[in-house]
Amino acid sequence: LLHPDDLDESRRMHERVLRGEVDQLEALRRALRRDGRVLWLQVRSSVQRSPGGQVELVITQLVDVTEQRGREEALRDSEVRLRTIFDEAPIGMALIAPEGRLLQVNRALAAMLGRSVAELEAIGVQDVVHPDDLEASAARVEAALAGRCRIIGGESRYVRPDGAVVSGDYPSSLVPAAEGAPRYFVCQVIDVTER
């Protein structure tokens, strides 16, 4: 019944039981159905031995976790896809905490602002936005946090460490947590300096 790729490991565990090394086993194994479908099984076994240590009985419980594994794999695929979209986007992207801390930024934003990703994720919006634009930016954020709007945006200037100023158009969406409290802003920054 076992999937061919799991046979060797199962044989090794069986040999450990026969040698008396283990009496409790827990493993994830694949099984083949008659129709060719693969099932993922959570296998739990306990060994009962005679007074002389010989195996008398192995009690095994099998739980079909195929559906759960499918959900976990779909979730992993989704996370990889979203991470790739975020990291490889040709425009700047950031997740920003309600108080303005940069939680996560992509390489495009780091390049635009002349800093590394790690540098940006250690500071806040107030550290990169031009001082003359902070008040207008803060007013938009306050409007979103007060519930007057969920999407904010505008144009702002950003100061690079070398003193150069970059202009960026920034549409942002406020993402609430499950209970409705503000979780973070998803922000995209498009470099419009040349324009």
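Quick look at the values:
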| item | result |
| --- | --- |
| Subset of segment 22-52 [closer than 19 Å to LEU2 by Cβ and charged (D, E, K, R)] | GLU26, ARG29, ARG30, ARG33, ARG34, ASP35, ARG37, ARG44 |
| Flag for LEU28 being part of a strand (DSSP E or B) and within 20 Å of VAL186 (Cα to Cα) | no |
| Residue count, segment 128-151 (criterion: at pLDDT 95 or above, touching a Lys or Arg at 6+ places or on another chain (Cβ under 7 Å) and not acidic (Asp, Glu)) | 1 |
| Tally of residues being open to solvent by 60 Å² or more (accessible area, probe 1.4 Å) and modelled with pLDDT under 90 across segment 22-49 | 0 |
| Residues within segment 176-195 that are modelled with pLDDT of 95 or more and hydrophobic (A, V, I, L, M, F, W, C), tallied | 6 |
| Qualifying helices (runs of 4 or more DSSP H) (wholly inside segment 77-195; at least 2 residues being out of contact with any Gly (no Cβ under 8 Å at 6 or more places or on another chain), open to solvent by 40 Å² or more (accessible area, probe 1.4 Å) and of a type in the set (D, E, K, R)) | 134-145 |
| Residue in segment 2-16 that is under 33 Å from the mean Cα position of the chain (by Cα) and in a strand (DSSP E or B) present | yes |
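The values are calculated or read from the model by the stated rules, or taken from the named source; none is laboratory data. These numbers come from a predicted model, not from an experiment. Ideal geometry is used to build each Cβ from the backbone, glycine not excepted, and the neighbour counts take in all protein chains shown. Only protein heavy atoms, including side chains, enter the accessible area calculation; ligands, DNA and RNA are left aside. Shrake-Rupley method; radii C 1.70, N 1.55, O 1.52, S 1.80 Å.
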